[in-house]
Every structure is written in structure tokens, then in C-alpha cells.
Amino acid sequence: MAAGGGKSDDFQPFPVKDQLPGVDFCLSSTPSWPEAVLLGFQHYLVMLGTTVIISSIIVPLMGGGHVEKADVINTVLFVAGINTLLQTLFGSRLPVVIGGSYAFIIPIISIALSRRHSSFVDPHRRFKASMRDVQGSLIVASFFTMVIGFFGFWRIISRFFSPLAAIPLVILTGLGLYAQGFPQLARCIEIGLPALVAVVFFSQYVPHFLKSRRGIFERFAILFSVAIIWAFAEILTAAGAYDNRAPQTQFSCRTDRSGLISAAPW
């Protein structure tokens, strides 16, 4: 009787929602398969946008066109998939996608605009030379990071870092990319501005008016925004709203002028 009573009085942890009201899943808990598929697809869309933006910024500066941009996007997505699988199986196992980083854009732009590449007349040869320089620089930087991690130097260095030291670094990186990212949104203001407003509206305001136990709008704000804005852009394209506009406006606003699908090798 005593043993049975002791077993029933064992400590049982409270559910995640009771411990942390703002957190639905911990590292040891998983969502249902349908919800996991939708969340994973949404995460893929977020990192796909990052990959396309990074490629759209650096490839034209390196002399590449639609074919080279499609190759860079394909390569980044393939390597991101491999790194994500390795991270989830053998690494920290966090539910994140290991994709391209904005931290490397500014150094890559400096390499692409260097004087030694101005002697190339053929844009394709210039792209190849610039890509070799970028790849070599990334390999050297990766070895430097690996040495710091494997030999335990980061453990010593991290003692001198605090959130107050990391925040200025993140702010400076973001402000440094402001001149590269926001003008691309302004190239098609009738599509870019509604997309920005839709993401903020679905993620921050709709949950206060339409409360749901599962938090549908908070979790799937990107999916709702992308679906609505893409349908809106497709309607404008099919209706001929950009038929008589400038070529740059058509390239930025129309849904059939990116050239990536036709340039990508199957």
C-alpha cells in the first residue's frame, strides 16, 4: 500500500502551456504531422525568400544573369537541405533551417565590385571569377570558425560577450542591408507594401480579434500573406495592369517575368 501510494505521488511535470503560456512546443514535444508539414513548408518559404533576395543582390553584381541566378538558388537550397539534416540528426537538433546568411552579403559585394574583375569583358567569365573568389573566402572563413570552435577558444571568448554587446552587431548588420533590401520592395510598391502590411496584420492584429486555441494566425501568418498577395499579383498580371509599364517595373511586379523557372535546369 505504501509503495503504491508513493508511486502515485511521484512528481509529474505540468504541460508546456501551463509552465510558459506563450510557448506551445518545447524541444521534446512535437506537433501533429499535418501541422508539422504546414509549419515546415512555411519555414521553407521564409528561407526561400532569403535565398532569392541574397542571390538577386549578389549575382547581378558579379555579372550573372537568370541562368547564374537559378544555379546559385539551386545550390544554396541543396546545401541548406544537407546542413539542416545534419543539424537535426547530429547537431543541436533545433527546429531551424540552416540557410544563407545576410552577414556575408557586404563582404561578397566588396569582392564582386573589386577592380580585378573589371577587366573581364564577358559577363559569364566575370561571374565565374567572382564566384571562385567568393568560394575561397567562404572556405577560409569556415576553417577559421571551425578552429575557434574545436579548440575551445569560443568558450573563453564568450565570457566577455553579453546581450548588450550582441545587439549593436545585429543592428549594424540590419542597417547595413537596409539600402539593399528595402529599395527592392519599393520597386513594386503595390505588391511589396501590401505584403508587408499583411504579414504584420495577420501575425500581430488578427489574433487579438479572432482568438483560436491553436493560434492559427500567429503560426501561419506567412502562409496566409504569401497566398493572398501572390493571388493579388497574379490577378494584376492577368488583367494587364503592367502591359504598358516600364521593363523594370514589369520585371519587379509581374509574376511571369522572373526568368528563374525557365532558366533552371531540370
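The values are calculated or read from the model by the stated rules, or taken from the named source; none is laboratory data. From a predicted model like this one, the values you see are computed outputs, not experimental measurements. Cβ placement follows ideal geometry from the backbone for every residue including glycine, while neighbour counts extend to all protein chains displayed. Heavy atoms of the whole protein, side chains included, go into the accessibility calculation; ligands, DNA and RNA do not. Shrake-Rupley method; radii C 1.70, N 1.55, O 1.52, S 1.80 Å.
Any residue at all in region 18-37 that is more than 30 Å from Ala129 (Cα to Cα), of a type in the set (A, V, I, L, M, F, W, C), at pLDDT 85 or above and surrounded by 11 or more Cβ atoms within 10 Å (Cβ to Cβ)?
Filtering region 18-37 down to residues more than 30 Å from Ala129 (Cα to Cα) leaves 18-37.
Applying the additional criterion that residues be of a type in the set (A, V, I, L, M, F, W, C) yields 20, 23, 25-27, 33, 36-37.
Now restrict to residues that are at pLDDT 85 or above: 33, 37.
Filter once more, keeping what is surrounded by 11 or more Cβ atoms within 10 Å (Cβ to Cβ): 37.
Within region 18-37, one or more residues are more than 30 Å from Ala129 (Cα to Cα), of a type in the set (A, V, I, L, M, F, W, C), at pLDDT 85 or above and surrounded by 11 or more Cβ atoms within 10 Å (Cβ to Cβ).
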Can you find a residue that is exposed (fewer than 14 other Cβ atoms within 10 Å of the Cβ), of a type in the set (A, V, I, L, M) and at pLDDT 85 or above anywhere in region 251-265?
no
Looking at (1) modelled with pLDDT of 80 or more; (2) under 12 Å from the mean Cα position of the chain (by Cα); (3) open to solvent by 40 Å² or more (accessible area, probe 1.4 Å); (4) under 28 Å from Arg257 (Cβ atoms), which is the only condition Val97 fails?
(1)
Within region 200-215, restricting attention to residues that are open to solvent by 50 Å² or more (accessible area, probe 1.4 Å) and under 22 Å from the mean Cα position of the chain (by Cα), which residue is farthest from Ser258 (Cα to Cα)?
Gln204
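Taking the residues in region 237-249 that are under 23 Å from Val197 (Cβ atoms) and either aromatic (Phe, Trp, Tyr) or open to solvent by less than 40 Å² (accessible area, probe 1.4 Å) (or both) as candidates, determine which candidate is farthest from the chain's Cα centre (by Cα). It would help to see each step written out before you state the result.
Keep residues of region 237-249 that are under 23 Å from Val197 (Cβ atoms), which gives 237-239, 241-242, 245, 249.
When the remaining residues are screened for being either aromatic (Phe, Trp, Tyr) or open to solvent by less than 40 Å² (accessible area, probe 1.4 Å) (or both), the result is 237, 242, 249.
Details: Thr237: 26, Tyr242: 29, Thr249: 25 Å.
By that ranking, first place goes to Tyr242.
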Could you list, in sequence order, the residues of region 150-166 that are assigned to a helix (DSSP H, G or I) and surrounded by 11 or more Cβ atoms within 10 Å (Cβ to Cβ)?
Phe153, Trp154
Among (1) at pLDDT below 90; (2) open to solvent by 40 Å² or more (accessible area, probe 1.4 Å); (3) over 20 Å from the mean Cα position of the chain (by Cα); (4) of a type outside the set (Val, Ile, Thr), where does Glu218 come up short?
(3)
Only one of (1) in a helix (DSSP H, G or I); (2) farther than 24 Å from Ile108 by Cβ; (3) modelled with pLDDT under 80 fails for Ala198. Which number is that?
(3)
Please find, among Phe127, Phe144, the residue that is outside any loop (DSSP other than H, G, I, E, B), open to solvent by less than 60 Å² (accessible area, probe 1.4 Å) and farther than 30 Å from Leu39 by Cα.
Phe127
Kindly provide the set of residues from region 100-121 that are open to solvent by 50 Å² or more (accessible area, probe 1.4 Å), in contact (Cβ under 8 Å) with a residue 40 or more places away in the chain and farther than 27 Å from Ile171 by Cα, ordered by number.
Phe120
Failed condition for Gln87, given (1) surrounded by 15 or more Cβ atoms within 10 Å (Cβ to Cβ); (2) within 20 Å of Glu68 (Cα to Cα), with all others met?
(2)
Quick one: Phe224 ticks every box in (1) more than 14 Å from Thr255 (Cβ to Cβ); (2) open to solvent by 50 Å² or more (accessible area, probe 1.4 Å); (3) among the hydrophobic types (A, V, I, L, M, F, W, C); (4) free of Cβ contacts under 8 Å to residues at least 24 places away in the same chain except a single one, so which number is it?
(4)
